[in-house]
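To start, the structure under review is shown below, and the notes come after it.
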Amino acid sequence: MTQRDLIQRLPKAELHLHIEGSFEPELMMQLAARNKIDLRFKTLDEAKAAYNFSNLQEFLDLYYEGMQVLRTEEDFHDLTWAYLQRAAADNVRHVEMFFDPQAHTARGVPFGAVTEGILAALARGEKELGISGYLIMSFLRHLSEEDGFDLLKVSEPWHDKFIGVGLDSSEMGHPPLKFERLYKRCEALGFKLCMHAGEEGPPQYVREALLDIGVDRIDHGNRSMEDPALIEILRDTQTPLTNCPLSNLSLCVIHDLKDSPVKAQLEAGLMVTVNSDDPAYFGGYVGRNYEQVSQALGLSDAQIIQLARNSFEASFLPGVSKKRHLAAIDAVTH
Ligand code: HPA
Ligand code: ZN
């Protein structure tokens with residue numbers, strides 16, 4: 001079996017995916033027309049030409065601009081459904097999906113329209129594609145902790161629909177401890193805790209997320225590799241890191257895929273996973289992330305299989321479901 005076939009055939013979970021970051025320019029233009037909204041980009045080529053970032057903030061500016069055309073429950077359904085079909089084609093069997101409600105409610109889109117649209121598509125994905133899906137509500141870290149508490153209140157009727165909470169957007173200058181009280185509250189409410197940390201921010205941000213806040217998972221975590229004592233803690237606690245190779249490359253977190261930390265993290269015994277982050281913006285869904293990072297780093301088949309196993313181990317699925325998916329991996333590889 002070629003490595004490409006192996007990657008394709010392995011059942012995988014995707015644990016770091018912003019649904020608004022799966023907004024392909026084709027669908028964006030369709031929804032702009034449907035909602036009678038003028039987009040700055042008049043052609044597909046124009047839109048794609050803008051996808052040339054040199055840091056996180058440049059990407060975020062375009063990401064928030066693109067999502068302006070998402071207005072109705074149907075829009076959020078269509079966005080999510082398009083992602084799920086694409087994920088199914090890569091043999092993704094389970095997804096834990098971030099969404100950014102504050103980016104929509106700030107524009108007057110009701111929280112319920114956003115959430116119900118996504119949930120309807122997730123239910124359909126389970127039924128028609130056999131993909132299970134969990135939703136993770138993300139707070140925007142460039143906003144205040146008070147704004148986060150407001151979101152927690154507005155979202156109350158749907159709390160049982162979310163497996164956890166996340167923290168994303170501009171990292172520098174917005175450390176985990178800015179949200180300490182909010183995360184304490186979320187923990188008390190029984191949410192799993194995720195946080196983007198160490199994408200652009202220093203290892204200290206990963207330490208805060210892990211040691212002060214007590215998160216269950218670190219999103220990205222690249223810069224942990226600058227801190228040997230932190231690497232040891234990550235290994236001893238088996239705290240999952242959701243790495244996103246093509247995102248790292250697009251946002252200049254790394255300058256070549258050969259500089260991806262995935263191989264070093266595997267070899268250090270860390271619970272690293274491979275994910276797409278914002279696949280419409282960064283040039284590839286999860287399968288392509290596996291392929292490209294493997295090619296650049298010369299990963300072995302055993303390391304590819306380890307990444308697929310880690311994706312389920314690091315998920316928030318119950319133990320019986322993890323076992324079932326791991327057995328399906330064994331069936332492909334034995
Ligand atoms: N980092 C921070 N915020 C984000 C990202 C990311 O990679 N994607 C979408 N929002
Ligand atoms: Zn992300």
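The values are calculated or read from the model by the stated rules, or taken from the named source; none is laboratory data. All of these numbers come straight from a predicted model, not from anything done at the bench. Using ideal geometry, Cβ is built from the backbone for each residue, glycine included, and neighbour counts are taken over all protein chains shown. Calculation scope for accessible area: heavy atoms of the full protein, side chains included, ligands and nucleic acids excluded. Shrake-Rupley method; radii C 1.70, N 1.55, O 1.52, S 1.80 Å.
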### Leading residue at positive end of dipole, the chain (Cβ point charges), from 134, 18, 209
134
### Task
Identify the residues of segment 246-278 with backbone N under 17 Å of a label point that sits 7 angstrom from the Cα of residue 232 along the Cα-to-Cβ direction, or state none.
268-270
### Query
Going highest first, how would you order 168-180, 295-307 by mean Cβ packing within 10 Å?
168-180, 295-307
### log10 of Debye I(q)/I(0), alpha-carbon scatterers only, for segment 1-59 at 0.24, 0.27, 0.29 Å⁻¹
-1.01, -1.11, -1.19
### Listed peptides 282-290, 92-100 by packing density, highest first (mean Cβ within 10 Å)
92-100, 282-290
### Task
Name the lysines eligible as straight-distance cross-link partners of residue 258: C-alpha to C-alpha under 26 Å, and not fewer than 8 places from it in the same chain.
12, 48
### Task
For 255, 77, 18, give the ranking by accessible area with the largest first, probe 1.4 Å.
255, 77, 18
### Query
If ligands, DNA and RNA are left out, what is the accessible area of residue 225 with a 1.4 Å probe, given in Å² to the nearest 10?
60 Å²
### Calculated on alpha-carbon atoms, Rg and Dmax of segment 188-309 in Å
13.8, 43
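Using just the helices of the chain, give the 222 nm mean residue ellipticity in deg cm²/dmol: DSSP H runs with n ≥ 4 each add -39,500 (n - 2.57), and the total is spread over all residues, rounded to 500.
Helix contribution divided over all residues of the chain: -13500 deg cm²/dmol.
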### Query
What ranking of 249, 56 comes out by heavy-atom accessible area, probe 1.4 Å, highest first?
249, 56
### Query
Per residue, what accessible area does segment 166-299 have, given a 1.4 Å probe and all protein chains present, in Å²?
34 Å²
### Query
So what does log10 I(q)/I(0) come out to for the chain at q = 0.13 Å⁻¹, using the Debye formula with one equal point on every Cα and no solvent?
-0.96
### Task
Please report, in debye to the nearest 20, how large the charge dipole of segment 70-148 is about its Cα centre when each Lys and Arg carries +1 at its beta carbon and each Asp and Glu carries -1 there.
220 debye
#### Entry: Normalised alpha carbon radius of gyration of segment 142-252 [divisor 2.2 N^0.38 Å]
1.07
## Note on the structure
Counting only protein heavy atoms and leaving out ligands, DNA and RNA, the solvent-accessible surface of residue 192 at a 1.4 Å probe, in Å² to the nearest 10, equals 80 Å²
### Task
Express the C-alpha Rg of segment 221-289 as a ratio against the empirical globular expectation 2.2 N^0.38 Å, rounded to two decimals.
1.10
### Total charge dipole magnitude, segment 49-88, about the Cα centre, Cβ charges on Lys, Arg, Asp, Glu only, Debye to nearest 20
160 debye
### Query
How long are the three semi-axes of the equivalent ellipsoid of segment 117-162, in whole Å, if each is the root of 5 times an eigenvalue of the C-alpha gyration tensor, listed from largest down?
27, 11, 7
#### Entry: Accessible area expressed per residue, segment 1-151, with surrounding protein chains retained (probe 1.4 Å, Å²)
40 Å²
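Give, rounded to the nearest 20 debye, the magnitude of the charge dipole that the chain has about its Cα centre when Lys and Arg contribute +1 at Cβ and Asp and Glu contribute -1 at Cβ.
Around 780 debye, computed over the chain.
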### Message
Taking the Kirkwood radius as the inverse of the mean 1/r across Cα pairs, report the Rg/Rh of segment 35-129.
### Response
0.99
### Query
Which percent of the accessible heavy-atom area of segment 77-216 goes to carbon and sulfur, probe 1.4 angstrom?
51 percent
### Local electrostatic count at residue 8 - Lys and Arg +1, Asp and Glu -1, tallied over other residues with Cβ under 12 Å
+1
